[in-house]
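Q: Can you keep this structure in mind? I'll have questions shortly.
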Amino acid sequence: MKSIIFFIKKEAEENCYNYKLLIVLVIFVLIGIGSPLMAKALPLIMETIESQNIVVTVAEPKAIDAWMQYFKLINQGGIILLVILFIGTVSGEVEKGTLINLLTKGMKRPAVVLSKFVFILLIWTIAFLISLVCINYYTNLYWPVSEVSNEILLKVICMQWFFGLFVISLMVLGSTLFRSIYYSILFLAFCLLLLYGMNIFETIKGLNPINLSTIYMPALMGTGQPTNYVTLIVSTVLFSILALFFSIMVFNKKQL
Amino acid sequence: MNILSVLNVSKRFGKYQVLQDISFDIEEGTIFGFLGKNGAGKTTTMKIILGLLKADRGTVQVCGEAVRYGDNSTNRFIGFLPDVPEYYGYMTAEKYMEFCGRITGLDTREAKNRTKELLKLVGLEDHSKKIRDYSRGMKQRLGIAQALINRPKLLICDEPTSALDPIGRKEVLSILQQIKKETTILFSTHILYDVERICDNVAIIDKGSIVLNGKIDEIKRRYKSKSILILFQSEQQKCCFMKILSNREIQANAQGLLVTVKTENVGQTYDFILKKLLEESIIPAKIEIEEPSLEDLFIEVVK
């Protein structure tokens, strides 16, 4: 357990030195500040287009637009950024050989995988929380009266966090399975596409973790079919634990 | 007591048989030289001992405990210096050492004390620069220090001197000699001189098999010399001597005033030479039975 804590501390220091931590925080803050700003500025942007003899009708932006924009950017920007920066988390160290000195001192192999996973999860949680504070502040500033209920918002935030957890567990598995980051990215993309494809089966839709990334739209708009959030979260947690378990198994048997 | 026992270990990579039934033991308190050409299987053997690679067959025991592939628990007895040690380059030596100490379970004070002690031993106590700015020799010395942080019973060094300049090599060898009191050392190399200088026992590995194993002195005794060296004082003395040898069909090579006589029976030939030198009143500058060097043995067993 102690070695996990020291290894996480090392990860934090290392990612401060290589600016990855800073990049994540800056981008997440920008997403938090930028989403309400973009929603607010949309009519202005449209006005510029109108001046070019095209008439576009835009409804007055609301807080819900800012939140919609935010979750879209978190999925299409924030999580992808995490993947790009941390996909080589295990494979990079295996390739460089920096783990040899530690493993040959008796550090347990599962401790390496667990530390990497917990560290990225921590980054995701902290960056997500900070960006939430930003969007909440600016949305309240631009639209003091919000039509989005706190209860729904909390649910959507929760779903989004669990989607992040799922992607991170798959990312760690990909990074453990392959030495090349390109294969790891391909593996992750393949898994996510496969899960999208699985949505054609109505019966398993409610268990498919990929739906956590799109649930914010119908939930915020109050449309679509009612979803059993608890089942979806439980299945996502189970999938994540499974991916983590596989990562540990694979790393235990990896020839270094 | 044996610190390490390797028994009938075999390993194949694809169609290449890298190790073939190798067995050897290392006694506590000795320096064991693991000698072999590049690609002979030294690093593979070490990685199997460390549980980093899976042996196809055979067993390895460290301090009486069996090594299980993928499980690092026997590594608590071991310190390892890889051939090219890799570090977190943004750290200083002190920080890296303390990190290693904490990972292996030392408390803050112990990790700090041990770091200070070991950095002093390897001559890196005054360096505040980052590891990424270190020279190869400095990295190698830090490698020894990090390997010793948890007071291992067995220190495994994979070619610690191979890529170093003569000064770097001398420094590393003298550090290894100093720590012999505290730990048993398994030391792989293809530099014969290094083995002769510091090792008590040696195993020579060639094409994945152990071809020679034992105490250096015993091996040297076993592989008796087959050469006599005679250094003459003048060209005239040498020519006269060579003539005597050619009449007797004794094989000899001359290099300047130095003549090397090759023979299967050193004692008899030595007596004969002394007798002839006396008869001809030739007084050479030096005459001696050549001590077999490890290099000769190595070449003989791996050819």
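The values are calculated or read from the model by the stated rules, or taken from the named source; none is laboratory data. Just so it is clear, the model here is predicted, and its values are computed rather than measured. Reconstructed Cβ throughout: ideal geometry from the backbone, glycine too, with neighbour counts over all protein chains shown. Protein only, heavy atoms only, side chains kept; ligands, DNA and RNA dropped before computing areas. Shrake-Rupley method; radii C 1.70, N 1.55, O 1.52, S 1.80 Å.
Q: Got a number for residues in the stretch A:176-190 being within 16 Å of the chain's Cα centre (by Cα) and buried (at least 18 other Cβ atoms within 10 Å of the Cβ)?
A: Here the count works out to 2.
Q: With the structure loaded, tell me whether A:Gly92 is among the small types (Gly, Ala, Ser) and within 14 Å of chain B (Cβ to nearest Cβ) or whether it fails that test.
A: Numbers: among the small types (Gly, Ala, Ser): yes; within 14 Å of chain B (Cβ to nearest Cβ): yes.
Taking the combined requirement at face value, the residue satisfies it.
Q: State all residues of the stretch B:64-76 that are modelled with pLDDT of 90 or more and open to solvent by less than 40 Å² (accessible area, probe 1.4 Å); if no residue qualifies, say none.
A: Scanning the stretch B:64-76 gives a single hit, B:Val67.
Q: Within the stretch A:210-245, restricting attention to residues that are surrounded by fewer than 16 Cβ atoms within 10 Å (Cβ to Cβ) and at pLDDT 90 or above, which residue is nearest to the other protein chains (Cβ to nearest Cβ)?
A: A:Phe245
Q: Under the condition of being part of a loop (DSSP other than H, G, I, E, B) and closer than 19 Å to A:Arg109 by Cα, which residue from the stretch B:24-63 is most open to solvent (accessible area, probe 1.4 Å)?
A: Top of the filtered list is B:Lys54.
Q: In the stretch B:233-285, which residues are basic (Lys, Arg) and within 23 Å of B:Tyr223 (Cβ to Cβ)?
A: B:Lys262
Q: Something else about it: Within the stretch B:101-114, how many residues are part of a loop (DSSP other than H, G, I, E, B) and either at the interface with another protein chain (Cβ under 7 Å from one of its Cβ atoms) or under 30 Å from the mean Cα position of the chain (by Cα) (or both)? It would help to see each step written out before you state the result.
A: As a first pass, look at the stretch B:101-114 and keep what is part of a loop (DSSP other than H, G, I, E, B): B:104-107.
Of the ones still in play, those that are also either at the interface with another protein chain (Cβ under 7 Å from one of its Cβ atoms) or under 30 Å from the mean Cα position of the chain (by Cα) (or both) are B:104-105.
Residues that pass the stated criteria total 2.
Q: Considering only the stretch B:180-196, state which residues are in a helix (DSSP H, G or I) and crowded, with 18+ Cβ neighbours inside 10 Å.
A: B:Leu192, B:Asp194, B:Val195, listed by residue number.
Q: How many of the residues in the stretch B:119-169 are modelled with pLDDT of 85 or more, open to solvent by less than 40 Å² (accessible area, probe 1.4 Å) and among the polar types (S, T, N, Q)?
A: Total meeting the criteria: 3.
Q: Another question, if that's okay. Confirm whether B:Val211 is in contact (Cβ under 8 Å) with a residue 12 or more places away in the chain and closer than 30 Å to B:Gly79 by Cβ. It would help to see each step written out before you state the result.
A: Numbers: in contact (Cβ under 8 Å) with a residue 12 or more places away in the chain: yes; closer than 30 Å to B:Gly79 by Cβ: yes.
Yes; evaluated as a whole, the condition is true for this residue.
Q: A:Leu188 versus (1) in contact with a helix residue (DSSP H, G or I) (Cβ under 8 Å, 6 or more places away or on another chain); (2) under 24 Å from A:Gly222 (Cβ atoms); (3) part of a helix (DSSP H, G or I): which is the lone unmet condition?
A: Of everything listed in (1) in contact with a helix residue (DSSP H, G or I) (Cβ under 8 Å, 6 or more places away or on another chain); (2) under 24 Å from A:Gly222 (Cβ atoms); (3) part of a helix (DSSP H, G or I), A:Leu188 misses just condition (2).
Q: Among the residues in the stretch A:20-27, are any surrounded by fewer than 21 Cβ atoms within 10 Å (Cβ to Cβ), modelled with pLDDT of 85 or more and within 14 Å of chain B (Cβ to nearest Cβ)?
A: Taking every residue of the stretch A:20-27 in turn, at least one turns out to be surrounded by fewer than 21 Cβ atoms within 10 Å (Cβ to Cβ), modelled with pLDDT of 85 or more and within 14 Å of chain B (Cβ to nearest Cβ).
Q: Tell me the helices (runs of 4 or more DSSP H) entirely within the stretch B:211-303 that contain at least 2 residues that are surrounded by fewer than 17 Cβ atoms within 10 Å (Cβ to Cβ), modelled with pLDDT of 80 or more and of a type outside the set (Asp, Glu).
A: Output list reads B:235-248, B:266-279.
Q: Something else: Just to check your reading of the model, which residue among B:Glu86, B:Glu98, B:Glu117 is assigned to a helix (DSSP H, G or I), closer than 22 Å to B:Ile156 by Cα and in contact with a Ser or Thr (Cβ under 7 Å, 6 or more places away or on another chain)?
A: Of the residues listed, the single one that is assigned to a helix (DSSP H, G or I), closer than 22 Å to B:Ile156 by Cα and in contact with a Ser or Thr (Cβ under 7 Å, 6 or more places away or on another chain) is B:Glu98.
Q: When you scan the stretch B:166-175, do you find a residue that is touching a residue at least 24 places away in the same chain (Cβ under 8 Å), away from chain A (no Cβ under 14 Å) and within 25 Å of B:Ser10 (Cα to Cα), even just one? Even if it seems obvious, please write down each step before you answer.
A: Let us first name the residues in the stretch B:166-175 that are touching a residue at least 24 places away in the same chain (Cβ under 8 Å), namely B:167-169, B:171-173, B:175.
Remaining after also requiring away from chain A (no Cβ under 14 Å): B:167-169, B:171-173, B:175.
From what's left, within 25 Å of B:Ser10 (Cα to Cα): none.
No, because not a single residue in the stretch B:166-175 is touching a residue at least 24 places away in the same chain (Cβ under 8 Å), away from chain A (no Cβ under 14 Å) and within 25 Å of B:Ser10 (Cα to Cα).
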